[in-house]
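One structure below.
The values are calculated or read from the model by the stated rules, or taken from the named source; none is laboratory data. Remember, predicted model here, so these are calculated numbers, not experimental data. Glycine also receives a Cβ, built like all others from the backbone with ideal geometry; neighbour counts cover every protein chain displayed. Areas reflect the complete protein model, heavy atoms only, side chains present, ligands, DNA and RNA absent. Shrake-Rupley method; radii C 1.70, N 1.55, O 1.52, S 1.80 Å.
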Amino acid sequence: MENVSGVKVFHLSVLNETWTSRYFLFSLTLFVYSLILFVNVMLILTITLQNALHEPMYMFLCNLCINGLYGTAGFYPKFLSDLLSGHHVISYEGCFLQAFVIYSSVQCEFSTLTVMSYDRYVAICKPLMYHSIMTGQMVYKLITFCWLFPYFMMSLLIALSRRLTLCGSHIDKLYCENWSIVKLSCEATVVNNVTGFIVILTFLVFAIFTTVSYIKLISVCTKSREDRIKFMQTCVPHLCALTNFTVTLMFDTMYSRYGSRDISERLRNFLALQFLIIPPLFNPIIYGLKLTEVRKRLLKQCRSLK
């Protein structure tokens, strides 16, 4: 679809920092991104190289880490380049690509966390049926769903946004976002708004499904000591990751749609970047420390690299 708006580039939010501060921020951002790459790659390698970890729960965790690398790749390289150049601009096509990568990653993470809650529900509430339900084929189908469903949703949102005629080119964020582009439209955006709310409601259904799963899990785990131990070992990391991601995503969603210009620029940037820093960094750390099998294999993997 051709660019009907005449906009060639988008201007992103500018950091009002001195060059000294920019270099410090560049170093800090590079450190954070390098740490994200390291912890996620280490966990992916540990799970893929250790046959004992080729179980559904660990495969879903591996998918979560791969998605973390995918989503952060849509932001950090461009942001690091902007910090060095001082030019916070992005091409029309590049902007839509960045929005697609970042927010398809967000949706993929939510889908994966939902699938992981289903996996824990079956493992604890229906242990005798677990291996007959969570077969290798079922695992691959669920992982495929975690990627294809967000791709479909984001492709629809991006296609609807690209048809709009835009009356501006300034995006009040450090990266491109579909809703920020829609707000630049000269024409009515009813279809975009309705579709956006349908997407939000869809993932709200995922959240309700996850909540119901954990209510049932908790009710079952209170009945025996063995189930309580299993819950603490395998479900608590997932609950931490889910809570962490939901809270950071809620901040971003609320700010994007209802954010006020009265909020300081630094606070706005912090709210916008939380889900690109906290979940991809802490998910592998939380799981790597809490899951006994992963921790043992990870330490073994680290020793073999020495």
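Look at where the Cα atoms of region 43-102 and of region 154-182 average out, and the two centres are 21 Å apart. A 1.4 Å probe run over region 50-142, with the rest of the protein chains in place, finds 36 Å² accessible per residue. Remark: the Glu226-Ser132 segment gains 31.7 nm on full extension, using 0.36 nm per residue and subtracting the alpha carbon distance.
When a/c is below 1.5 the answer is rounded, else prolate if a/b is larger than b/c, else oblate, so apply that to region 21-75 with a ≥ b ≥ c taken from the square roots of the Cα gyration tensor eigenvalues. Write down the numbers at each step before the final one.
Working: a/c = 4.99, a/b = 2.69, b/c = 1.85.
Here region 21-75 falls in the prolate category.
Modelled spin labels at Phe270 and Glu187, positioned 7 Å past Cα toward Cβ, are 4.1 nm from each other. Relative to the current alpha-carbon distance between Met250 and Phe209, full extension at 0.36 nm per residue lengthens the span by 13.0 nm. For region 35-132, the calculated P(r), taken from all Cα-Cα distances in 10 Å bins from zero up to the bin holding the longest distance, is 14, 34, 29, 15, 7, 2 percent.
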